[in-house]
Amino acid sequence: IMVKMILFGVLVLASVANAYSDGIYNLVETSSTWDGTDADRTRSTSIDYDFAYGDEESLTFTLPWSFSFYGQSYSQITVDTNGNIWFVSTNSANSFSLPAAGRGPVTAAWNDDLSSLYDGGVFIQHKTNPERVVVEWQAETYTDEGNLLLNNFEAVLFPDGKVRIDYKEFPAANAKDFDSGISKDDGTHYLSLTSNYGNAFSLAGRSFQFSDVSQGPTNRLDVFFSGTGQGTVTSTPSGIACNTNCYSSFPTSTPITLHGEPSMYSLFTGWTNGVCSGTVDCLLTLNADTSVTAVFAYDAAHQVQVSGGSSGYYSSIQAAYNEVADESTLKLWATEYNESLTCNRPISVTLEGGYNSGYTSIVGNVVLNGPLTISDGKVTAHGMVIR
């Protein structure tokens, strides 16, 4: 049963399950969820983690994938300490008109004058499995500034255009809500949490999801990992970028290319599960929920190189030692070797440890998990740890 109503000049469709729509996005209350970030001012920033704090502060963050919001794709967002995510504007604002702020599209998790001058901040973290970007606020209202009354809430962005807003706690003594929710900033397309569910600061322990319904149905693509090695799988269009089991949703009938990239000391040995095979990129059209498995193997065959060229590869230190000539150098990867090494020949050898997978530079130490026994000859070791 659907009921039509007019709220602030916007046609809103409400069902008995409290679902609302502006024709592009749907808004529903969902199961209470909390994702969170590291929320640490002392942590080093990176492409996956950043933060800002203070009063009327903001920061711009490059997304790991394109995010579609009200039909436009964005590679960056600007978050401010007032509880907002801006997709065009690059500075902070508060207490604005949600339907028409005059600053471009916005997700306003709490539209109030907030501050993290004395504590807290706005924290952004890219997470995987599933792919998402979490924006967490720990902030006081400007009126409460200095009283350590930190209000905690977040917005989570997903590659398929979904936005989830989670409210954790609101100890504020003085709080206002000037209309929170999402907006295209065209005066017509917006969804107000405040009008439909109440002031943001009254929604502690509740979660709300905004889903783009203008793009039609979606299907889920799961990527699983198998084998003794490590690697990364990325997708075109963006959405998958992980080195452990992960998934993302794409519009139905989307052509997708998956690329497997092995990590150092590993090989990509191919795809399984029947959708793709071989070691070339996996090309598929997502017409149903689908899963693929990427297999990476540890490249044991090349983990020892005898000085002198590519023909001198061995799968163990012992096998190399047994065959090399006097005054040879055995180059070893900066990884672990689980073997016992017995040196009992009347020759001199050098064990030179810590190379990268291409043997072009030394990047660490080699670890020998086993005894080294020398009963004849001479062994010189560099960069080797014996356990």
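Restricting to the range 188-223, give me the number of residues that are at pLDDT 90 or above, among the charged types (D, E, K, R) and open to solvent by 60 Å² or more (accessible area, probe 1.4 Å).
1
Of the conditions (1) at pLDDT 95 or above; (2) within 23 Å of residue 179 (Cα to Cα), residue 7 satisfies every one except a single condition; which number is it?
With respect to (1) at pLDDT 95 or above; (2) within 23 Å of residue 179 (Cα to Cα), residue 7 is out only on (1).
I'm trying to understand the selection: among the residues of the range 77-105, which are among the charged types (D, E, K, R) and more than 23 Å from the chain's Cα centre (by Cα)?
Correct list: 103 only.
Does residue 319 satisfy the condition of being in contact (Cβ under 8 Å) with a residue 24 or more places away in the chain and small (Gly, Ala, Ser)?
Criteria not met by residue 319.
For a quick check of your reading of the model, give me the residue pairs whose first member lies in the range 354-375 and is open to solvent by 70 Å² or more (accessible area, probe 1.4 Å), whose second is not in a strand (DSSP E or B) and not charged (D, E, K, R), with beta-carbon atoms closer than 6 Å and at least 6 apart or on different chains.
Short answer, once both residue conditions are applied: 363/334; 363/356; 365/383; 371/340; 375/344.
Give the number of residues within the range 156-171 that are open to solvent by 40 Å² or more (accessible area, probe 1.4 Å) and not charged (D, E, K, R).
1
Would you pick out the residues in the range 292-306 that are in a loop (DSSP other than H, G, I, E, B) and either in contact (Cβ under 8 Å) with a residue 60 or more places away in the chain or not polar (S, T, N, Q) (or both)?
299
Restricting attention to the range 229-243, does a residue exist that is over 22 Å from residue 126 (Cβ atoms) and either in contact (Cβ under 8 Å) with a residue 40 or more places away in the chain or buried (at least 20 other Cβ atoms within 10 Å of the Cβ) (or both)?
yes
Considering only residues that are of a type in the set (S, T, N, Q) and open to solvent by less than 40 Å² (accessible area, probe 1.4 Å), which ones fall in the range 136-154?
Across the range 136-154, the qualifying residues are 141, 151, 152.
Please specify each residue of the range 286-301 satisfying the condition of being modelled with pLDDT of 95 or more and open to solvent by 50 Å² or more (accessible area, probe 1.4 Å).
Correct list: 298 only.
Being touching a residue at least 60 places away in the same chain (Cβ under 8 Å), over 20 Å from the mean Cα position of the chain (by Cα), under 15 Å from residue 179 (Cα atoms) and buried (at least 18 other Cβ atoms within 10 Å of the Cβ): is that true of residue 108 here?
Yes, satisfied.
So which strands (runs of 3 or more DSSP E) are wholly in the range 307-379 and hold at least 2 residues that are under 19 Å from residue 264 (Cα atoms)?
Once the strands (runs of 3 or more DSSP E) in the range 307-379 are filtered for at least 2 residues that are under 19 Å from residue 264 (Cα atoms), what remains is 328-333, 348-355, 366-368.
The values are calculated or read from the model by the stated rules, or taken from the named source; none is laboratory data. Bear in mind that the values here come from a model prediction, so they are computed numbers and not experimental data. A quick note on method: Cβ atoms are made from the backbone with ideal geometry, for glycine too, and the neighbour counts reach across all protein chains shown. Heavy atoms of the whole protein, side chains included, go into the accessibility calculation; ligands, DNA and RNA do not. Shrake-Rupley method; radii C 1.70, N 1.55, O 1.52, S 1.80 Å.
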